[in-house]
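Worksheet: one structure, shown below.
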Amino acid sequence: MINDRLINPDSIAVIGGSEDITKPGGKVLKNLLDGRFKGKLYVVNPGGGMIQGVVSYSDASLMPECDLAILAIPAKLCLSVVETLALKKNVKAFIILSAGFGEESEEGKLLEERITEIVNSAGGTLIGPNCIGLLNKNYSGVFTTPVPVLSENGVDLISGSGATAVFIMEAALPHGLPFSSVYSVGNSVQTGIEDILEYLDISFEEGKSSKVKLLYIESIRNPLKLLKHSKSLVEKGCYIAAIKAGSSEEGSRAASSHTGAMAGSDIAYDALFRKAGIIRCHTRYELVAVASVLMNKIPGGRRIGIITHAGGPAVILTDILSKAGLRIPSIEGPEAEELKKNLYPGSSVRNPIDFLATGTAQQLEMIIDACDKKFSDIDAMAVIFGSPGLTPVDKVYDVLHRKIRSCTKPIYPILPSGINARKEIDEFVSHGNIYFSDEAIFGTALAAVINRPSPETTPAPAIEIDTEKIRQIISNSPDGFLEEQEVDALLEATGIPIVKSMYVQNEEELMEAVKETGFPVVLKACGLLHKSDAGGVALNIKDEMIARETFRKLLNFPGCRNVMVQKMISGTELFAGLSREDNFGHLLLAGLGGIFVEVIKDVASALVPINEETAFKMIRSLKGYDIIKGIRGKEGVSEKHFAEIICRISALAMAAPEIIELDLNPLIGNSKSVATVDARVKIKK
């Protein structure tokens, strides 16, 4: 848990502080001094004396008690120093800048674990090791630059990588994006991103705390804590945007099911972000742009007016916004014609509103006023204005400065002339404005904000399932794949419709089963892991002779225990499944079956538990959703029945957390029903 000694210390000791500001110990001390830390500062350095004007102690055992220690010494020396400070000097907060721990070797991992044990035993908080430190309104505890002037109206940044935190600030500050705090958690041996987010949630004060949180994530120990506090912050009116790095997985997962093969930590993070209402970004420039959009007013709709004096960037922006589902509505009528009269000949007001390279600041002001007060089809304005280097553009930027503050609709300035208008842009930023330098990055960011997921707040419904029967089946089964009959019983207890299956071991039983179902039938070799891949499935058998021949062939398959007989049914193939992901719980995937899951991998994912609203969103997010609706005269699929099955799978996962993989593949659906044709369940207790 984050404590007050870390956030607002009365005294700080820099262990390894020096005069050399090219080294972490010297630079962090300089940053603390430059930041005018109001408390007491101590330095520990073997040479003693005065360092940067601060009294230095030759050994940690000689210094006074203090609140926070920042360590910038070799990793091998940290353990004994932490032990001294935690147990003898009442230090309750530690920031270890030093590298050479778990990120480097097994020996380093053991060292950081021992340090964590000592800090925990003293009731302390530990940030790092292998980080750049912490930056908040109380002190500048980082050894890097830039060190921005912090603002309550800025963004909070939490990063698993110190270097990435620096690069994010370097991308943000020139564009005017302010910061409220920066946390670098490094190896996160005690305190991770989710723990910082928990603190920001618990300590949140309306009107005082930042409402925009940025995350750079490489790994999370406790995803459900991240989910809980992200949802809580979003419900308080905050916005969260995150980069999750490390999305590719080299090599293939040794998975025994479609769900297992398609699942993985990156898909789980995607599902987590959607459930929490987090906007996912993929580059630091996109993250900064999303944050910049969030720092402005949020549009009340999806209709964007593009105001420009340069046609090309407006076309690029129009394409990006349109593809993302935003609208660039045509502006017509008497008020549009009236505006056009006040512009130079050749100007266009249809949207994009192009007032030409010769357009003036006065004309821009008239256009903005019209979009704000007269054009009801516009919800927000993107203003693209650069400079060919012929004349100053400060008057244009003055108009933007005033109108951003006075207009009821948001205005997003896109100022691409970083060379020709550098002086004017810097002046614009100095007045507290945020701008975008690239229309494509802005367009992607605006679309991400408008299309951002809403956190799931409605609890999963209490679906009636036979929990007692489910627990009995799981308890009586060994680890591994359940027998086919047990799978049938499990689905039946969950209320998931299944096509009736009969299991036969000889031709006499086969004929009795066929007589009951009627032709055509499907025969499957039971006991094979991937029946279709092994040739263990025969479809659309229409007469007795072929049925007998197929039965004998299947029964001779190595590992075949018996043969399943089912009535052949028709409809659209669907897919649904579960995969238990470390620390996340169960990930549920659903989509179209056949080639859509095999090749295209057109699936939607969500973390269990899932409510009906999420189930419908999953179905409607599929690329092949038109097939489910019904296309070109072909019967569609009942979304209601498919969504119910998704919710019942979720309920099964909650009742039987031992399930590590579940495949319903395929489900066969039509406009009246959806039923399971083949299923596979694997458990691990």
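The values are calculated or read from the model by the stated rules, or taken from the named source; none is laboratory data. What you see is a predicted model; the values in this text were computed from it and never measured. Glycine also receives a Cβ, built like all others from the backbone with ideal geometry; neighbour counts cover every protein chain displayed.
Residue under question is LYS617, and the condition is that it be out of contact with any Leu (no Cβ under 7 Å at 6 or more places or on another chain), loosely packed, with under 15 Cβ neighbours inside 10 Å and more than 26 Å from ASP488 (Cα to Cα); does it hold? Criteria not met by LYS617. Take the conditions (1) of a type outside the set (A, V, I, L, M, F, W, C); (2) in contact (Cβ under 8 Å) with a residue 12 or more places away in the chain; (3) not in a helix (DSSP H, G or I); THR550 misses just one of them, which is (3).
The requirement of being touching a strand residue (DSSP E or B) at 6+ places or on another chain (Cβ under 8 Å) and not in a helix (DSSP H, G or I) is fulfilled nowhere in the stretch 644-651; no residue meets it. For the stretch 198-246, the set of residues classified as more than 14 Å from the chain's Cα centre (by Cα), of a type in the set (A, V, I, L, M) and crowded, with 20+ Cβ neighbours inside 10 Å consists of LEU200, VAL212, LEU233, listed by residue number.
Can you name every residue in the stretch 521-558 that is buried (at least 16 other Cβ atoms within 10 Å of the Cβ), among the charged types (D, E, K, R) and at pLDDT below 90? Correct list: LYS531 only.
Out of GLU112, GLU104, GLU117, which single residue is over 30 Å from the mean Cα position of the chain (by Cα) and either surrounded by 14 or more Cβ atoms within 10 Å (Cβ to Cβ) or of a type in the set (D, E, K, R) (or both)? If you could, list the steps in order and put the result at the bottom.
Working: GLU112 fails: over 30 Å from the mean Cα position of the chain (by Cα); GLU104 fails: over 30 Å from the mean Cα position of the chain (by Cα).
None of the others qualify; the one that does is GLU117.
Taking the criterion of being without any contact (Cβ under 8 Å) to a residue 40 or more places away in the chain, among the polar types (S, T, N, Q) and crowded, with 20+ Cβ neighbours inside 10 Å, the only residue of the stretch 131-188 that qualifies is SER188.
Within the stretch 426-460, the residues that satisfy the criterion of being touching a residue at least 60 places away in the same chain (Cβ under 8 Å), surrounded by 15 or more Cβ atoms within 10 Å (Cβ to Cβ) and over 24 Å from the mean Cα position of the chain (by Cα) are PHE428, VAL429, ASN433, ILE434, TYR435, SER437. Of all residues being touching a strand residue (DSSP E or B) at 6+ places or on another chain (Cβ under 6 Å) and among the hydrophobic types (A, V, I, L, M, F, W, C) in the stretch 9-27, which is farthest from TYR139 (Cα to Cα)? Just the residue, please. If we take residues in the stretch 9-27 being touching a strand residue (DSSP E or B) at 6+ places or on another chain (Cβ under 6 Å) and among the hydrophobic types (A, V, I, L, M, F, W, C), then ILE15 is farthest from TYR139 (Cα to Cα). Only a single criterion out of (1) touching a residue at least 60 places away in the same chain (Cβ under 8 Å); (2) under 22 Å from ASN8 (Cα atoms) is not satisfied by GLY102, namely (2). Against the test of being surrounded by fewer than 22 Cβ atoms within 10 Å (Cβ to Cβ) and part of a strand (DSSP E or B), the options ILE569, ILE627, ILE631, ILE660 yield a single qualifying residue, ILE660.
Residues in the stretch 447-471 that are assigned to a helix (DSSP H, G or I) and either in the same structural domain as ALA656 (by TED's automatic domain parsing) or touching a strand residue (DSSP E or B) at 6+ places or on another chain (Cβ under 7 Å) (or both): ALA448, VAL449.
For the stretch 578-614, taking the residues that are at pLDDT 90 or above and of a type in the set (Asp, Glu), the one that is surrounded by the most Cβ atoms within 10 Å (Cβ to Cβ) is identified as GLU581.
Is it true that some residue in the stretch 58-67 is in contact (Cβ under 8 Å) with a residue 60 or more places away in the chain, at negative phi and not acidic (Asp, Glu)? For the stretch 58-67, residues in contact (Cβ under 8 Å) with a residue 60 or more places away in the chain, at negative phi and not acidic (Asp, Glu): absent.
The set of residues from the stretch 367-418 being among the hydrophobic types (A, V, I, L, M, F, W, C), over 20 Å from MET295 (Cα atoms), surrounded by fewer than 22 Cβ atoms within 10 Å (Cβ to Cβ) and modelled with pLDDT of 95 or more comprises just one member, ALA370.
Each row is one residue, and each column tells you yes or no for (1) crowded, with 23+ Cβ neighbours inside 10 Å; (2) closer than 30 Å to ILE202 by Cα.
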residue	(1), (2)
ASN3	no, yes
ASN8	no, yes
ILE15	yes, no
GLU19	no, no
GLY25	yes, no
LYS30	no, no
MET50	no, no
GLY53	no, no
ILE73	no, no
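Filtered by the rule that a residue be touching a residue at least 40 places away in the same chain (Cβ under 8 Å) and either assigned to a strand (DSSP E or B) or in the same structural domain as GLY192 (by TED's automatic domain parsing) (or both), the stretch 80-99 gives ALA93, ILE95, ILE96. Among the residues of the stretch 513-540, the one identified as among the acidic types (Asp, Glu) and under 22 Å from PHE557 (Cβ atoms) is ASP533.
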